[in-house]
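Working notes, structure below.
Laboratory data are not the source of any read-out in this text; all were calculated from the coordinates shown. Because the structure is a prediction, the values reported are computed rather than measured. Cβ placement follows ideal geometry from the backbone for every residue including glycine, while neighbour counts extend to all protein chains displayed.
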Amino acid sequence: MSAPKKGDLSSSEKELFEVITAGNVQEASRLLGCKDVRVNCLDEYGMTPLMHAAYKGKADMCKLLLQHGADVNCNEHEHGYTALMFAGLSGKTDITWMMLDAGAETDVVNSVGRTAAQMAAFVGQHDCVTVINNFFSRARLDYYTKPQGLEKEPKLPPKLAGPLHKVIMSTNLNPVKMVMLVNENPLLAEVEALGKCRRVMELICEKCIKQQDMNEVLAMKMHYISCLLGKCASFLKDREDKLEGLIKSLLKGRDSDGFPVFQEKFIRECIRKFPYCDATLLQQLVRSIAPVEIGNDPTALSVLTQAVTGQVGFMDAEFCTSCGEKGAEKRCSICKMVIYCDQACQKMHWFTHKKVCKKLQEQREQQEAESARLRMQQSNGKDKQGVTQSDTITAYYTDAFL
Ligand SMILES: [Zn+2]
Ligand SMILES: [Zn+2]
């Protein structure tokens, strides 16, 4: 069959576009089996069935089309939109992920020079931006699991690729969470393995900087992970309490207000040690962090997270005080000022939180008393005003009657 031309559709292909809009996966599956249906046919605007399905936010349909060989990087759309751009516009993180996993290029720009991540950001789909900016395919990592050139052994033992990829894909950059990810895998939580993984992270970081379309964001993330793995290795080597000790150090708050100073200093140091001094992202991070006194906002973690994942507004969701995961709901029952994923996260934090819990409780009670007093004052004021007003009215009538 010849290469699809815009708007050149068989009747079954026209039907396919209709059933995609309607979301009828079964019917789409039947049509894709027809001889006169090309999975990468183009409608009059140059949109493929996959672009339609992505834009409409229909995950099952996207999956079906990809299974039938849909080209995720087709670029015939009249304004240069790709399936990944449509996925980002739809706001569906699962579809965005699916496109990336199918090999979607992230650097392609549309006719006005915007990438998929920039377009998603432009329409406020920040979760999709996060997914795109942090994507690093397993295939790109697996490259290091095969010996290259004269190497007798690969740089990365294949058994480490899975657990390392999990760390790389984490959109939560909280070092506690990342150490937890290392700690949960015995293959990875081992000095020699960590050394190898570190080396690969540094190589990828270098590649990200030196490749033609430089990706400073991914380079910074790889460097950050490398620093973290290095820290894990040194705790495994030197400390009896191993990675639990590292987690404790990262969580330990200072006496005055519970602020985790070690964590803040560690992240600042990671950023400072980024090996490519000319990188714009590095300069931007340093400018944001350097003037901030330790303990004040913004924290190095929040600046780094925003730069790397595009996540803004740490405020509109609840984040675990220990590990930084989104969607934490369990409040400390005493002070009610900190929030955790579960009891495990609370337990991990208690050794340091207990020193400030009482203080936080008092602060909260003071605040509550203060706002109750204000509310009372306001409502008293209203009453008084009400009384005065009715008095005035009474007087007026009295005058009038007199
Ligand atoms: Zn947690
Ligand atoms: Zn508490």
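Membrane-span-like helices of the chain, defined as complete DSSP H segments with a Cα extent of 27 Å or more along the helix axis and a mean Kyte hydropathy of at least -0.5, are identified as 191-210, 216-238. Relative contact order, whole percent, for the stretch 1-123 stands at 20, derived from Cα pairs under 8 Å and 6 or more residues apart. To the nearest µm²/s, what D does Stokes-Einstein give for the stretch 11-133 at 20 °C and 1.002 mPa s, using the Kirkwood radius over alpha carbon pairs as Rh? Approximately 152 µm²/s, per Stokes-Einstein. Across the stretch 139-313, the mean sequence separation of Cα contacts (distance under 8 Å, 6 or more residues apart), normalised by length, yields a relative contact order of 17 percent. When every Cα-Cα distance of the stretch 252-315 is counted in 10 angstrom steps from zero, the calculated P(r) takes the values 20, 52, 25, 3 percent.
Between the exposed loop cleavage positions of the chain, defined as trypsin sites (Lys or Arg not before Pro) in a non-H, G, I, E, B DSSP state with at most 11 neighbouring beta-carbon atoms within 10 angstrom, the longest gap is 153-402. Dipole of the chain computed with +1 at Lys/Arg Cβ and -1 at Asp/Glu Cβ about the Cα centre; of Gln125, Ile95, Met220, farthest Cα towards the positive end is Met220. Computed over all pairs of different Cα atoms, the Kirkwood value for the hydrodynamic radius of the stretch 32-93 is 11.5 Å. Computed over the chain, the range of Cα coordinates on each principal axis works out to 100, 75, 40 Å, biggest value leading.
If you average the alpha carbon positions of the stretch 121-189 and of the stretch 232-284, how far apart do those two centres end up, in angstrom? So the separation of the two Cα centres works out to 20 Å. Evaluated at q = 0.11, 0.15, 0.16, 0.21 Å⁻¹, the base-10 log of the normalised Debye intensity for the stretch 235-379, with identical point scatterers placed on the Cα atoms, takes the values -0.54, -0.93, -1.02, -1.38. Dimensions of the stretch 139-313 from C-alpha coordinates, computed as largest minus smallest value along each principal axis and given longest first, are 55, 43, 25 Å. Solvent-free Debye calculation, one equal scatterer per alpha-carbon of the stretch 90-236: log10 I(q)/I(0) at 0.18 Å⁻¹ equals -1.10.
Just to check, using Stokes-Einstein with a Kirkwood Rh over alpha carbon pairs, what's the diffusion coefficient of the stretch 2-72 at 4 °C and 1.567 mPa s in µm²/s?
D, rounded to a whole number, is 112 µm²/s.
Expressed as a fraction of 2.2 N^0.38 Å, the C-alpha radius of gyration for the stretch 317-363 is 1.04. The alpha carbon radius of gyration of the stretch 207-254, expressed as a multiple of 2.2 N^0.38 Å, is 1.57. Taking every C-alpha pair closer than 8 Å and separated by at least 6 residues, the mean separation divided by the residue count of the chain gives a relative contact order of 9 percent.
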